[in-house]
Structure formats: C-alpha cells, structure tokens
Amino acid sequence: METGMTREEAIALLKKYNQESFHLLHALTVEGVMRWYAKELGYGEEEEFWAMAGLLHDIDFEKYPDQHCQKAPELLKEANASEALIHAVCSHGYGLCSDVKPEHLMEKVLFAADELTGLIGAAAKMRPSKSCCDMEVSSLKKKFKDKRFAAGCSRDVIREGAEMLGWDLNELFEKTILAMRSCEESVNNELAAL
Ligand SMILES: [Fe+2]
C-alpha cells in the first residue's frame, strides 16, 4: 500500500500541526510500535505504511480536538497522502469520533495499540527506570485494573481493540510492551532532535 508521501514530508506535516512534546512523543511512539507490529505479524513489506499511519494518526488532535478524525483528511491531503493512509488514520477513532471502521489488520492494530501505548507510557513513568524495558505484563495488568491510574486511557477502547484482533488482553499487552521496548530509545533520541 502506498502512503503518497516520504517520511521527511510526514515529519514536516506532523511538526506543522503538533508542537506539544507530549503529542510528538506519542506520534513517534505509535510509529515505532506499528513498525514492530508490521514485522511481527508478517507485513514487513508494508512496514512503511504501518509506520506512517502510526506517525500521523493524531495529526489533527492538537489543533482541532473537537474535530478529531474529521479534520485529518484535509490536513493529510495537503501533503498528498493516499486514500489508504487517510482511511487508516480516520479508522483509529471508530465509534468515538469517526465512523470509518477498521478493516485491515493494520487498522485494528492501530486502534488497539494507540490507547494502550498511553497506558504503558504512563506506567513506565512511574518506574525507577522510567522505561518499559523492565516492565512485566503482570504489572501492566495491575495498572489496567486500577481505574484511577491514567484514567484518560480508556480501558473499554483497549478491550474493544483486543476483541477486534481476536487476541486476549495478555497477548495485546505482551506484544505492545515488546513493541514499545523496540523503539523507546530511538524515539527519545529523535524527539530530542525534532
Ligand atoms: Fe493516538
């Protein structure tokens, strides 16, 4: 699948519409996570597509929070993004702010992992290491069950994502921790240089 743009163009677009470091960190993290998943799930040839959908999925959120997933097509078209990429981006808000249903496996992974990376990131911050590199699934499960912890990360969305994929929560947690470990260092380095 074609993205219609280079990574350099995607980064330029990201920076045009996102200045808060929290949002830039999230974009780079989900990019790295999607890259890992593409390879893990046998879609290595589509790695760039998966990664770019992750990088740009929240492109409109910082400036247009009330039009999340609605404004995105316009911003993405500005940079010549393909229809497939626009579909993928919009589908991550299915049932929340978009009626574009995740169809491709990549879209289901994005839907499930997006919200979960927020929870893993918040849990990592609490650790002495400030990292997910030494985080176990069992400790993430505890954070998942503690509704007061990172209350903004919707447990229902994470459950729904796992269901779409046909995975149990353990599998989604285990894979997404590994995905975040794979890119934590490079994401931090790139964020510092943005
Ligand atoms: Fe997101």
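Give the residues of the range 162-188 that are within 17 Å of residue 105 (Cβ to Cβ), part of a helix (DSSP H, G or I), of a type outside the set (Val, Ile, Thr) and open to solvent by less than 50 Å² (accessible area, probe 1.4 Å), sorted by residue number.
162, 165, 172, 175, 179
Mind counting the residues in the range 1-18 that are open to solvent by 20 Å² or more (accessible area, probe 1.4 Å) and either within 16 Å of the ligand (Cβ to nearest atom) or among the aromatic types (Phe, Trp, Tyr) (or both)?
Number satisfying all stated conditions: 1.
The values are calculated or read from the model by the stated rules, or taken from the named source; none is laboratory data. These numbers come from a predicted model, not from an experiment. A quick note on method: Cβ atoms are made from the backbone with ideal geometry, for glycine too, and the neighbour counts reach across all protein chains shown. These area figures cover heavy atoms from the full protein model, side chains too; ligands, DNA and RNA do not enter into them. Shrake-Rupley method; radii C 1.70, N 1.55, O 1.52, S 1.80 Å.
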